[in-house]
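In what follows, a structure is listed as structure tokens, so that the remarks can point back to it.
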Amino acid sequence: MQLQKVVEVKGLTASFDDKEVLSDVSFSANKGEVTVILGGSGSGKTTVLRHLLGLLTLHQGQISVLGKDIGTLTEDEQRDLYLKLGVFYQSGALLNSLTVGENVGLPLVQHSRIPRELIEEIVTMKLGLVNLEYAYHLYPSQLSGGMLKRAALARAIAMDPPLLFCDEPGAGLDPVSLESLDHLILNLKSLLGMSVVLVTHEVASIMRVADRVVFLEEGKTVFEGSLEKALKSEEPGVKAFFSVLKTQKDKNL
Ligand SMILES: Nc1ncnc2c1ncn2[C@@H]1O[C@H](COP(=O)(O)OP(=O)(O)O)[C@@H](O)[C@H]1O
Ligand SMILES: [Mg+2]
């Protein structure tokens, strides 16, 4: 059975000023899977995500998200689509003047007509999913870095998005907090059936969460396939990236 595609990118080419930063990028992400976009700093990962989210105008290539060709959508269709996408940024800070619970509920207050009491129940449930129920009435300044990330994740899934985009969510986390964040992402996949497109360069995370890997190098897709295939790839950049693991194993780390 062919897997259903939640993201399909074909021939995406993009420039800033006169500099081409994405050249003929093509890949897809399957429903119910975690797809990791991987590549060195400046290879174009964030630029790809911003195109998927409609934050950058598509000039060349084709992008379909949740089965919608984003180049042909009307404004209403765009709004409908983007409400179905969860976004979790590296710098996805919470608003300091609101409690954690209010932050998580904000997308629901802004984009739905759900009554207040029900929003509170939904927020409590989302905070439960990220093991932060007790933080409902705390302010962001009272949380640790790992807790802030989990709260931001709860906010990203407030609207039950079928598709979640994460841009380097683990940046700045210690290994233990990173592992717990990875487990939460896996839970979203297995418990809620969410599809996830995740940008990261943490090898440990990739090993834990990735079903599929897309590797970018200087704005080009040099590898696309299962994690298993990525680990055996002879593509120099991919091989070099995963060789870190082998070195760690050799040293018995
Ligand atoms: N808004 C922008 N204006 C000009 N250049 C940009 C802009 N955003 C990104 N770039 C350039 O595009 C390239 C890819 O950037 P980015 O997608 O952020 O890479 P990554 O997320 O893989 O680190 C880099 O060379 C970066 O300097
Ligand atoms: Mg980036």
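Key figures
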| item | result |
| --- | --- |
| Theoretical FRET efficiency, 1/(1+(r/R0)^6), r = Cβ-Cβ of Glu121 and His183, R0 35 Å, to 0.05 | 0.90 |
| Furthest towards positive pole of dipole, Gly146, Pro161, Pro107, structure part the chain, Cβ charges | Gly146 |
| Greater than 28 Å apart at Cα, pairs in Lys10/Lys84; Lys126/Lys229; Lys10/Lys229; Lys68/Lys239 | Lys126/Lys229; Lys68/Lys239 |
| Candidate aspartates and glutamates - alpha carbon under 19 Å from Lys232, same-chain residues fewer than 8 apart omitted | Glu202, Asp211, Glu217, Glu224, Asp250 |
| Of the trypsin sites (Lys or Arg not before Pro) in the stretch 1-84, those whose Cβ has at most 13 other Cβ within 10 Å and which sit in DSSP loop | none |
| Alpha-carbon gyration tensor eigenvalues x 5, square-rooted, for the chain, Å | 30, 24, 16 |
| For the stretch 93-160: relative contact order, % (alpha-carbon pairs under 8 angstrom, 6 or more apart) | 48 percent |
| Fraction of the pair-distance distribution of the stretch 93-160 above 19 Å, Cα-Cα pairs, percent | 19 percent |
| Assigned charges on the beta-carbon of Lys, Arg, Asp, Glu; the chain dipole about Cα centre (debye) | 420 debye |
| Pairwise label distance in nanometres, Lys19 with Leu98, each label 7 Å out on the Cα-Cβ vector | 3.5 nm |
| Alpha carbon centroid spacing (whole Å) that separates the stretch 156-220 from the stretch 27-104 | 13 Å |
| The stretch 102-195: trypsin sites (Lys or Arg not before Pro) in DSSP coil with no more than 11 other Cβ atoms inside 10 Å | Arg113 |
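Values quoted throughout were computed directly from the atomic coordinates according to the rules given, and no laboratory measurement underlies them. As the structure is a computational prediction, the values presented were derived from the model and not from experiment. A quick note on method: Cβ atoms are made from the backbone with ideal geometry, for glycine too, and the neighbour counts reach across all protein chains shown.
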